[in-house]
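The structure appears below as structure tokens.
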Amino acid sequence: MSDDLEERAKRVVGRKAVDAYVRPGTCLGLGTGTTALYAIERTGELVREGLEIGAVATSVRTEELCREHGIPLVAFGTVPIDLAIDGADEVAADWSLIKGGGGALFREKAIALAARTFVVIVTARKLVARLGAFPLPIEVVPFSATFVAKELEAMGARVTARSRNGERFATDNGNAILDCSFGEIAQPRELDTAISRLHGVVCTGLFIDLTSRVLVAHENGSVEELQSPAAGAIGT
């Protein structure tokens, strides 16, 4: 898929998710990133048309976009989240995810965990049989970053401390991110558990058993809702 078609596909799937799932009175978790941007834009259009909702943002940038589009913001934890819509860096066949490429993984996971329904919006290029081609982001306390990096390397990862403009990248929570290449991740649940036990790790970019729906945009402009990988999948 060309870059132009990819961008069009992001727009189609972002808008489709809002039209399909957002209803009056919804408390909506809105994601961060290039695909979630289109869901935010569509939500803003509906609000200007009179739709009454509240939104919980997954990042400072998403908060800014919500204000620009006139979307009322709700503080996380004050109101139950009915629905969250967000993108992903990879979606495996079992609906496990890698997220955090945009640096908002802790808040994104907090909202995905809290939401009654978590809708993942992606283009077809984000679908994989198994996770791991995209480096796994891990949010860590800066004091522990060097220690955690060494532990991750001992687990077989190639670790890169994320930077921006020559400076250490800082999340909205002031933490560092380590981007870790493990290769193909055959057991994401076990890896998530092992990493989370390391002192200094705040959050991993592995999202396990959180996905309720997956909407996929294809090159021809169509949007497909994937069939759940298990009859008992969350949100079915």
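Rule-based calculations on the coordinates, nothing more; no lab input. Because the structure is predicted, anything quoted here is derived from the model rather than measured. Positions of Cβ are backbone-derived with ideal geometry, glycine not excepted, and every protein chain shown enters the neighbour counts.
The figures follow:
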read-out: Where labels lie 7 Å past Cα in the beta-carbon direction, separation of PHE76 and ALA129 in nm; value: 3.6 nm
read-out: Cα-centre dipole for the chain with unit charges at Cβ (Lys and Arg positive, Asp and Glu negative), debye to 20; value: 240 debye
read-out: Mean projected area (nm²) of the alpha-carbon convex hull when segment 91-206 is viewed from all directions; value: 7.4 nm²
read-out: Per-pair calculated FRET efficiency, R0 = 45 Å: ASP3 and PHE143 via Cβ, rounded to 0.05; value: 0.70
read-out: Kirkwood hydrodynamic radius over Cα pairs of the chain, then Stokes diffusion coefficient at 25 °C and 0.890 mPa s, in µm²/s; value: 136 µm²/s
read-out: Under 23 Å from LYS126, Cα to Cα: lysines that are on another chain or at least 8 residues apart; value: LYS10, LYS16, LYS99, LYS109
read-out: Alpha-carbon Rg/Rh ratio, for segment 136-204, with Rh computed the Kirkwood way; value: 0.95
read-out: Charge dipole (debye, nearest 20) of segment 136-204; +1 at Cβ of Lys and Arg, -1 at Cβ of Asp and Glu; value: 120 debye
read-out: The chain: angle of helix 36-48 to the longest principal axis, Cα-based, in degrees nearest 10; value: 30 degrees
read-out: Fluctuation leader among ASN175, ASN165, ASN220 - the chain, Gaussian network, Cα springs under 10 angstrom; value: ASN165
